[in-house]
Amino acid sequence: MPALPFRPRKAMGSWVPSKRHAVVGLCGVSTFICYADRVNISVTILHMGLTGAWRGWILASFFYGYFTTQLIGGLLSSRFGGSRVLNAAVAWWSAFTILTPWAARRSNHALFLCRVLMGAGEGLAYPAIYDIVSQWAPPLERARSFAAAQFGSKAGTMFALIVCPIIINASGWPAVFFGFGASGFLWNLAWMMWVGSEAPAVNYHAVPGDGAPDAESAALGKAKAVGAAEPPAAQEELSPRLARRLLALPSVWAIVAGHVTYNWGHYLLLSWLPTFLNEVHGVSKDNMSVSAVPFAFMSIGIGAWSSLADRWARHATLTSVRKGMTTIGLGGAGLLLLLLARAPDYLTAIMLASLSLGTQAAAGSGVLINHVDLAPRYSSVLFSLSNTFATLPGMVAVPLASAILAAPWGSWGHVFGLAAAVYAVGLAVYRRYMSAEPLNL
């Protein structure tokens, strides 16, 4: 079968961004804002006067809303289009971000509800982005387009952890929510001006501004004419029957177990690392920007581990690669969390947290991509189901850490020790039942 024609590189200086590049870029900006708004509470909560169990419940409240709208986001995007859903989602969560200081002054219960509603808006975003990018990105650009859209989440996390202390020192903690929330409405204006609810002119392939199919679309059409593989079939929409078929398979539950385990430690550090550094190692609330360093390591690790996994896959089965990368990621991260609890000073703590998240990034080339190996046609459905379960760690691990620390016997050693135990159990389940062989559904 003839290979897909190679797309020649354009001469330097002649490349002009097409409409699809603007769409993907704005999706990346939306995930940047999404994570900045999600993470800012981890720093501002140190200045809000919350103590005891309420601190844990407020940190966890976001995930209760996020959990409820994962599947709803997919259904709405398939019916009304991801563009409309994403635009509405950003406006929704930005409004509740701006309302956060008002809610905090009213009562702890009002603050909890405000964060739940803010999380519900963010839960709509990723299913919508998946729908948008899958329509606009040509097959030969799809992986890069998804990576560009997803990169904003890591950049937004680091931005919030670095910038929040600066804003708080200059204008007080409410200014964080006012500024971050306003950025979402600016994004809405940009989206409505440049994208709106427009759909690509060619199914699965965007077109340049002049309305003519681009060189890659033409190449794909030519390849189809000479017998090359066609673009993949459209993703099947979620239905109760499909969900039951998938959830009856042990290999699907292996992915769920691995995904839940991955998020347990990630959400724990995302929510509690600033508090840990402040209470245990005396890092000033005004110098909490150092808590961004571990997430920078995670961003670097994602790229490095994915390159290693691709090279490994040339010489081994995908099942071996996914199992190996997940073992490195979850096993290594769990061991490093045990050491983090015993760090003698804040520099060692930052180093161990960085190594833990950087090592955990290996699982991104394992369990987090296993959805596509196992069920290419149903990967978006499988991810929606898996991500719904994988939101539970935010609802359980975050408030549970607060309860452990409030107990007479509780310590950070118990918090991180429990996380390491979850890593061990989740990894064992994943290794026992996982597969990268495509399902025959």
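Annotations for the structure displayed:
The rows are residues; the columns are (1) of a type in the set (A, V, I, L, M, F, W, C); (2) under 17 Å from Val195 (Cβ atoms); (3) outside the structural domain of Ile167 (by TED's automatic domain parsing).
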position	(1), (2), (3)
Tyr35	no, no, no
Ala53	yes, no, no
Gln70	no, no, no
Ala88	yes, yes, no
Ala103	yes, no, no
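- Condition check for Gly49 on (1) under 21 Å from Ala175 (Cα atoms); (2) touching a residue at least 24 places away in the same chain (Cβ under 8 Å): one failure, at (2).
- Verdict on Leu352 being in the same structural domain as Phe297 (by TED's automatic domain parsing) and in a helix (DSSP H, G or I): yes
- Selection over the stretch 21-59 of residues that are under 19 Å from Arg105 (Cα atoms) and more than 16 Å from the chain's Cα centre (by Cα) gives a count of 19.
- Qualifying residue in the stretch 379-402 (condition: crowded, with 20+ Cβ neighbours inside 10 Å and more than 21 Å from the chain's Cα centre (by Cα)): yes
- All positions within the stretch 287-341 that are of a type in the set (Lys, Arg) and in contact with a Gly (Cβ under 6 Å, 6 or more places away or on another chain): Arg322
- From the options Phe32, Phe67, residue that is surrounded by fewer than 24 Cβ atoms within 10 Å (Cβ to Cβ) and more than 24 Å from Val260 (Cβ to Cβ): Phe32
- Test: Arg79 is farther than 25 Å from Ala182 by Cα and either in contact with a Pro (Cβ under 7 Å, 6 or more places away or on another chain) or surrounded by fewer than 23 Cβ atoms within 10 Å (Cβ to Cβ) (or both): yes
- Odd one out for Asp373, checked against (1) assigned to a helix (DSSP H, G or I); (2) surrounded by fewer than 23 Cβ atoms within 10 Å (Cβ to Cβ); (3) modelled with pLDDT of 95 or more: (3)
The values are calculated or read from the model by the stated rules, or taken from the named source; none is laboratory data. Remember, it's a predicted structure, so these values are computed and weren't measured experimentally. In this analysis, Cβ positions are derived from the backbone assuming ideal geometry, glycine residues included, and neighbour counts consider all displayed protein chains.
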